[in-house]
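Just so it is clear, none of the values below were taken in a lab; they were calculated from the coordinates. As the structure is a prediction and not an experimental result, all values here were calculated from the model. Positions of Cβ are generated from backbone atoms using ideal geometry, with glycine treated the same way; all protein chains shown enter the neighbour counts.
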Amino acid sequence: MLGLAVAIALTGTATTVHAQLDSFVQAVRALADAAVQKPVQTAAIRTAVERMGTSLAEWDRTLAALEGRVSRDIAGASGRQAYQLRVELGVAYQARGRTADALKQFEAAVALQPPASDVQVLRALALEAAGRIDEAGTAFRAAWAADSGNPVKAYYVAQRTKPSGATGSDAERARAVLADTYKRLDIGVRHSVAGFPTPAAIPDTLSRTPIVGDSMTARGFALIAEGRYTEAVAALTRQTTANDARHDDSPLVQLAQGQRDEAANRVAEARRAYGAALGGALAGRSVLYVGIARLAQVEGDLPGAIDAFTQAVRLSPNDPTIHREFAAAYVAHGVADAAFCELMAALLVDPRDAQAHADVGQLYLDTSRDAEAVTAFDRALTLAPKRYEFRYALATAHTRLGHSAEAARQLELFERARREALDERRRAIANEVEQAEGARSGAPGR
Amino acid sequence: MIVRWLLLAAVPAAIAAADAPLPQFVDIARQAGVVFHHTNGASADKHLVETMGSGGLFFDYDNDGWIDVFLVDGGSLADPGVARRARHRLFHNLGLSGKGQGVRFEDVTERSGIQHRGYGMGACAGDYDGDGRPDLYITSDGPNALYRNRGDGTFVDVTATAHVADSRWSASCAFADLDRDGDLDLWVTHYVDADRARSPFCGDARSGIRFYCHPLKYDPLPNTVYRNDGNGVFTDVTAASGVGALRANGLGVVVADYDNDGLPDVFVANDTMPNFLFHNTGNMKFVETGLVSGIALAADGKARAGMGIDAGDYDGDGRLDLVITNLDFEMHTLQRGLERGLFGYATTESGIGFPTLPFVGFGVAFLDFDNDTQLDIAIANGHILDNAPLFRTGSTYMQRKLLFRNTTGRRFAEVGRNAGPAFAAEKVGRGLAIGDIDNDGDLDLLVTNNGQDAELLRNDGGNRANAILVRLRGAGRNTGAIGARVRLTVGSRTQIRDIRAGSSYLSQNDLRAHFGLGAAARADRIEVLWPSGKTETFSGVPANQIVTVEEGKGIVNQQPFSR
């Protein structure tokens, strides 16, 4: 429905690779679990690191075997087969953190079967991970040029190839594709196919909360996050056996400090501390980036917020909440078209995200596209009929369109529900007070 | 094409505004003689009123051209001894001292005859009897009071004869000629129906932690509308006007003709309930249109804890916009005026949303504090709960003020931390009023703080750019020209200011209309739309002066700024 062929193709390939990596990933999970225990389970960490080393060696043997097979098979393979072999090997290299090797394979695949749109996406993501942002942008554009109706690729072009708010013709056309996709969106679909590709072996979403290392594990965690697994195992092995005195400025300490600062409204300090915690984060970096982005917004640093959200969606592209929050940051920054792209990203992940539809509607209202706002709010209400608040916005859109009768009807429905909710809240508060007074006087509360 | 050109043209101005030196606000209250400590009567009983007040206002009670200060004191419901010590204060502006020490005030409360009754909340000033002198209405949790200005520095309590006594919990008030009959009527908001003898226990009885109760614990109240009968007597027309049928937790009020139909409409900020827009349909009848107009709720369809409110045209499109202060984690609200009397929720897009998240806002005003021709926003903040950290870790009772600088006409940047130590200081902010206390061409601030000293924040450097102050004198009984609209044009840009007796939170601004002119040496055109319906225009008015305009007589006085 959404034209997510790229996602399907990538997932299919990645699934094979991930199967090979399973034991390594499990070992990393065990490491993460041990690291968050209090007190820190050093023995369990050592065991996990040993498992990582063992599985890494096995992984490398598997990868070497794959390299041998590709080398053997490619000579007599058809163009299509050779293309598939190159892609498979490239994906395997990328998962292993061998970005340069992966890029060679992707480029070879592109040469074999141009324009190889899906592979260009993989190549772009690899380039992006390597910090080669301009080249990544070119690759995203190449991917989209060959598959211009694909909204996922359109999203990449709209959001990743230009600074936010740019009006380059590619970005404009990509945004038009997303707008058209929204018009044709089928909210009857239970869930999208696969959302955005995430080629990393150790996903940032390994944990819902940030896994941040202390002085013993932070360096290793950082190396894992960078895909430098061999170095990570070496560093962790060294650190877990060194019995060094713990430094109290480790990323884990910074994380705790940041949480305290945030709770105490010390916004700038919390932001700095979370930034420092990133340096030792194994997973959940997107959560830290979201925290930094929120704090930046409170500080009025909207460019800082957008930078942080950009990192967050790269690390966790299939989290609709982050895309929605990112959209709100763009709205606050006065970049409505970029906000729309992020909302579309949320809907590419989950077309039945009622809040995202309501946010699209609000964006349309803000930009005086009232008829389109009606469509969006109608969708939001279809998906979440109990969210009576959406009716208020829907009524607003109808009012602006001069649809007085429909606006009045929606407002009446809204008001009825709102009053009921208010009465319920009043009763709850009254009940709380009654209980408190009962407890205070020794009499049983109701 | 023209739109694109305008956008491009706006960019250098925006950059210039963002880069311009920031005026510094200095608290001169004590050195200027405005010594006032608010009595909040904070008690173990946690009467809600203890944390809600009180306000203050600028008004030139003696018409000498120097705005005076009136500060409302609270009181105590729990301790009669404390209640007896509470005292409203009137400070007479003596003007600039000859020794370069700046503006000086004298406490003239004792001889003014103004008494303290009940638990003081807010005040508004307007010449209700048309004798040319602004009178004073004081709201309370308890009996309100109307003081007629005798013109000799004294005031006489005429509450009973004027029939404007009200013993319910009143909050903000505003004088305005609501029925367009030429004299000033009176609007009073009411908060909640709370028992003064006994405060319910809200909190955790086991740990003994007690908080001020949520306003939804109490019954809401309707607003009160008093029609001025022109003979020194008001008639309560709340029911007949259609206003009385609606109850809410009313706090801030601002009167503004948002739809330019010549009839003043009334916006009321309601705490935890939808805000009201009482659309004036004439003959002292109102229809509440908050929901339809878009000002009742935030964009998410949820009511906010509306506290203070102001109206102004911040984006220069000729339509009034609204700013409303709310609770923390709600964002303060900015509503942009659209066509056909509708409003659009502009909180996020304007940039005021996220920076206001941690703050509980009260007093608020649109003002051009740097005279760059764009309306900025000043906000006084302070939590409701004096034990806020027990309610939510990280929350603080005292909070800093916020100053949003208008950078592009549609967007704001928060610069409060850099606007001087006094501005950045954390207080329990409540009322906020704007006015030019020293007649130097930039806007100063009066900020009231719950249980703390009031602040008089002098603006240093705001007058680096040019400005004009316009003082109006109406020809009829509405001598203060309350409800007049002044339009000032320089080049293609027109600014509008309304003359209002009551706004913000429990407060009132200087009645003179202040216009920043930027680098312009003169206003190309000043147009005054009098409440009587007449219009007068003046061309080529030089900058940096106070211009007095009398209805039907034109400019009768021009006084250079004191610099």
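Data overview
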quantity	calculated
Estimated [θ] at 222 nm from DSSP helical runs (n ≥ 4, -39500 (n - 2.57)) normalised by residues in chain A, nearest 500	-24500 deg cm²/dmol
Shape category assigned to the stretch A:13-184 from the gyration tensor of Cα positions, a/c cut at 1.5	oblate
For residue B:321, residues with placed amide H under 5 Å, excluding near neighbours	B:312, B:313, B:314, B:337
Sum of -39500 (n - 2.57) over DSSP H runs of 4+, divided by residues of chain B (222 nm, nearest 500)	-2000 deg cm²/dmol
Alpha-carbon radius of gyration plus Dmax, which is the widest Cα pair, for chain A in Å	25.2, 89
Distant-in-sequence amide H partners of residue B:305 (H built 1.01 Å from N, under 5 Å)	B:272, B:327
For the stretch A:353-446, convex hull of alpha carbons as volume per residue, Å³	107 Å³
Per-residue HN-Hα couplings for the stretch B:338-351 [Karplus 6.51, -1.76, 1.60; θ = phi - 60°; Hz; x = Gly/Pro]	10, 6, 6, x, 9, 10, x, 6, 10, 4, 6, 5, 7, x
Candidates A:77, A:126, A:225, ranked by Gaussian network fluctuation over chain A, Cα under 10 Å, top entry	A:77
Principal axis dimensions, chain B - Cα atoms, whole angstrom, descending	67, 53, 51
Residue B:20 paired with residue B:387, simple spin-label distance in nm, labels 7 Å along Cα-to-beta-carbon	4.7 nm
Fewest-first ranking of B:265, A:170, using other Cβ atoms within 10 Å as the exposure measure	A:170, B:265
Calculated from backbone phi, Karplus (6.51, -1.76, 1.60) coupling profile of the stretch B:315-324 in Hz, x at Gly/Pro	9, x, 9, x, 10, 6, 10, 10, 10, 9
Cross-link pairs A:153/A:183; B:46/B:302; B:46/B:401 - those with Cα-Cα distance over 19 Å	B:46/B:302; B:46/B:401
Whole-Hz ³J(HN,Hα) from phi, Karplus 6.51 cos²θ - 1.76 cosθ + 1.60, for the stretch A:354-366, glycine and proline x	4, 5, 5, 5, 5, 5, 4, x, 5, 4, 5, 4, 4
Equivalent ellipsoid semi-axes - Cα gyration tensor, the protein assembly as shown, angstrom	59, 31, 27
Reciprocal of mean inverse Cα separation for the stretch B:20-107 (Kirkwood radius, Å)	14.9 Å
Compactness index (Cα Rg / 2.2 N^0.38 Å), the stretch A:60-119	1.04
Ranked A:240, A:42, B:139, criterion: other C-beta atoms within 10 Å, fewest first	A:42, A:240, B:139
Relative contact order, percent, the stretch A:353-446 [alpha-carbon distance under 8 Å, six or more residues apart]	19 percent
Neighbour-count ranking [beta-carbon atoms within 10 angstrom, fewest first] of A:441, B:507	A:441, B:507
